[in-house]
Amino acid sequence: MIHELREYLALPGRAEDLHRRFADDTLALFAEFGLQVEGFWHEAGNRARIVYLLAFPDFEAADAHWARFQADPRWCALKARTESDGPLISEIRSTFLITPSYARS
């Protein structure tokens, strides 16, 4: 099992639009595509920084899930619609995490 930590930084004035996109549509699409969200947060005092954690069996599964998601016409249409006034995000960071053998249960 691997985890992917994803961090999004919304552009100034776009944080609530980004939260709304996750709440109204994106998380449901994640579930349909088998993207397993283990936790979802925003930074205390800074709603422009969203952080979430996903779980995958391995790196190949992560790549396959993201490729299918990003090519999906519903996601493409949603992204286009929610960014009709310009992009929502200034930065996305993705970090893959693995549990060292000494910490496995």
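The values are calculated or read from the model by the stated rules, or taken from the named source; none is laboratory data. What you see is a predicted model, and the numbers here were worked out from it, not measured in a lab. FYI the Cβ positions are ideal-geometry reconstructions off the backbone, even for glycines, and counts take in every protein chain you see. Just the protein is used for accessible areas: all its heavy atoms, side chains included, with ligands, DNA and RNA removed. Shrake-Rupley method; radii C 1.70, N 1.55, O 1.52, S 1.80 Å.
What the table below lists for this structure:
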{"item": "For residue 47: the one exception among (1) of a type outside the set (S, T, N, Q); (2) modelled with pLDDT of 95 or more; (3) in a helix (DSSP H, G or I); (4) more than 12 Å from the chain's Cα centre (by Cα)", "result": "(3)"}
{"item": "So residue 48, is it among the hydrophobic types (A, V, I, L, M, F, W, C) and touching a helix residue (DSSP H, G or I) at 6+ places or on another chain (Cβ under 7 Å)", "result": "yes"}
{"item": "Failed criterion for residue 45 (all others in (1) open to solvent by less than 70 Å² (accessible area, probe 1.4 Å); (2) free of Cβ contacts under 8 Å to residues at least 12 places away in the same chain; (3) not charged (D, E, K, R) hold)", "result": "(1)"}
{"item": "Conditions (1) modelled with pLDDT of 95 or more; (2) over 12 Å from the mean Cα position of the chain (by Cα); number of the one not met by residue 32", "result": "(1)"}
{"item": "Residue 50 of a type in the set (A, V, I, L, M) and surrounded by 14 or more Cβ atoms within 10 Å (Cβ to Cβ)", "result": "yes"}
{"item": "Residues of the stretch 1-29 satisfying the condition of being closer than 18 Å to residue 83 by Cβ, aliphatic (A, V, I, L, M), in contact with a helix residue (DSSP H, G or I) (Cβ under 7 Å, 6 or more places away or on another chain) and assigned to a strand (DSSP E or B)", "result": "10"}
{"item": "Scan of the stretch 82-96 for residues that are farther than 18 Å from residue 15 by Cβ and exposed (fewer than 11 other Cβ atoms within 10 Å of the Cβ), ordered by number", "result": "95"}
{"item": "Count of the stretch 30-44 residues which are of a type in the set (D, E, K, R) and in a strand (DSSP E or B)", "result": "2"}
{"item": "Criterion: in contact (Cβ under 8 Å) with a residue 24 or more places away in the chain and open to solvent by 20 Å² or more (accessible area, probe 1.4 Å) - qualifying residue of 30, 59, 40", "result": "59"}
{"item": "Leading residue by the ranking (farthest from residue 17 (Cα to Cα)) among those in the stretch 59-99 that are of a type in the set (Lys, Arg) and either in a helix (DSSP H, G or I) or modelled with pLDDT under 95 (or both)", "result": "68"}
{"item": "Members of the stretch 65-101 that are of a type in the set (Gly, Ala, Ser) and touching a strand residue (DSSP E or B) at 6+ places or on another chain (Cβ under 6 Å)", "result": "90, 94"}
